[in-house]
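S.K.: Got a structure here, written out as structure tokens. Questions coming.
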Amino acid sequence: MSQWTDRPAEERALLNPSFCSGLLWQAAVGHENTVHAPLPFDISFLVLPIVLHRETRESLPRVVRTSLAVWIDDNPLARLRVADRARMLARFTKEAMMFGGLYGLFELKGGAIAANLEWKKRIDDDLKDSSDEVRACAKRAEFVGKWLASSGTPGTVMAILGVRP
């Protein structure tokens, strides 16, 4: 990891660990609400690549019932883009996990991320004062957590998206 001040301004703004850990928290909440289990580490590496890219985020289905396979069939470039971005963003996902774990946003346990729901009010209050794009990212991160939870095992989800652990 390079020094924070040595990073490009765009990286500091979009990929800062506070924002990224908030997106992981949202995905963990969505996942836990769907299957009553924490967000698997493997799946957490898909959240940022899907949510931070506007075109991918906006192409996501509106309802969880739409299968991942159908979405990929309708959006063939998404598979390649998500896989490439997952590799590029892995270090930022790891950094967000460490940051969120250190500050108690979530607990890292048993190969998964369990959201600390004591943060809900604070996060909701912060989102009220955020830009439309930040709110859209948070909303879609929660959706991604729900959607991927109902899309099969982590191995199946990663295989459909062309991502290797």
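The values are calculated or read from the model by the stated rules, or taken from the named source; none is laboratory data. None of these values were measured; they are calculated from a predicted model. All Cβ positions, even for glycine, are placed from backbone atoms using ideal geometry, and neighbour counts span all protein chains on display. Accessible surface areas use protein heavy atoms only, side chains included; no ligands, DNA or RNA. Shrake-Rupley method; radii C 1.70, N 1.55, O 1.52, S 1.80 Å.
S.K.: Which of the following residues is farther than 22 Å from THR34 by Cβ, within 13 Å of the chain's Cα centre (by Cα) and not aromatic (Phe, Trp, Tyr): LYS94, LYS139?
M.R.: Every option except LYS94 fails the conditions.
S.K.: Now for a different question. Is there any pair with a first residue in the stretch 60-78 that is more than 21 Å from THR153 (Cβ to Cβ) and modelled with pLDDT of 95 or more and a second that is part of a helix (DSSP H, G or I) and open to solvent by 40 Å² or more (accessible area, probe 1.4 Å) whose Cβ atoms are under 7 Å apart and which are 6 or more apart or on different chains, and what are they?
M.R.: none
Matching residues to (1) surrounded by fewer than 13 Cβ atoms within 10 Å (Cβ to Cβ); (2) closer than 19 Å to ASN116 by Cα:
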position	(1), (2)
ALA9	yes, no
LEU14	no, no
ALA27	no, yes
GLY30	no, yes
VAL51	no, no
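S.K.: Which residues, counting only those in the stretch 56-78, are under 18 Å from LEU23 (Cβ atoms) and open to solvent by 60 Å² or more (accessible area, probe 1.4 Å)?
M.R.: If the condition is that a residue be under 18 Å from LEU23 (Cβ atoms) and open to solvent by 60 Å² or more (accessible area, probe 1.4 Å), then GLU58 is the only one that fits.
S.K.: What number of residues within the stretch 47-81 are of a type in the set (S, T, N, Q) and out of contact with any Ser or Thr (no Cβ under 8 Å at 6 or more places or on another chain)?
M.R.: Of the residues in that region, 3 qualify.
S.K.: While we're looking at this one, here's another question. Quick one: which residue in LEU46, LEU52, LEU39, LEU23 is touching a His at 6+ places or on another chain (Cβ under 7 Å) and of a type in the set (A, V, I, L, M, F, W, C)?
M.R.: Matching residue, one of LEU46, LEU52, LEU39, LEU23: LEU39.
A quick yes/no check of all residues on (1) open to solvent by 60 Å² or more (accessible area, probe 1.4 Å); (2) of a type in the set (A, V, I, L, M):
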position	(1), (2)
LEU80	yes, yes
LEU89	no, yes
GLY104	no, no
LYS109	yes, no
ASP132	yes, no
ALA141	no, yes
SER151	no, no
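S.K.: Given the conditions (1) touching a helix residue (DSSP H, G or I) at 6+ places or on another chain (Cβ under 8 Å); (2) at pLDDT 95 or above; (3) more than 20 Å from ALA13 (Cα to Cα), and given that GLU118 satisfies all but one, which numbered condition is not satisfied?
M.R.: Just one mismatch for GLU118, condition (1).
S.K.: Which residues, taken from the stretch 17-58, are over 23 Å from VAL163 (Cα atoms) and free of Cβ contacts under 8 Å to residues at least 12 places away in the same chain?
M.R.: Within the stretch 17-58, just HIS36 meets the criteria.
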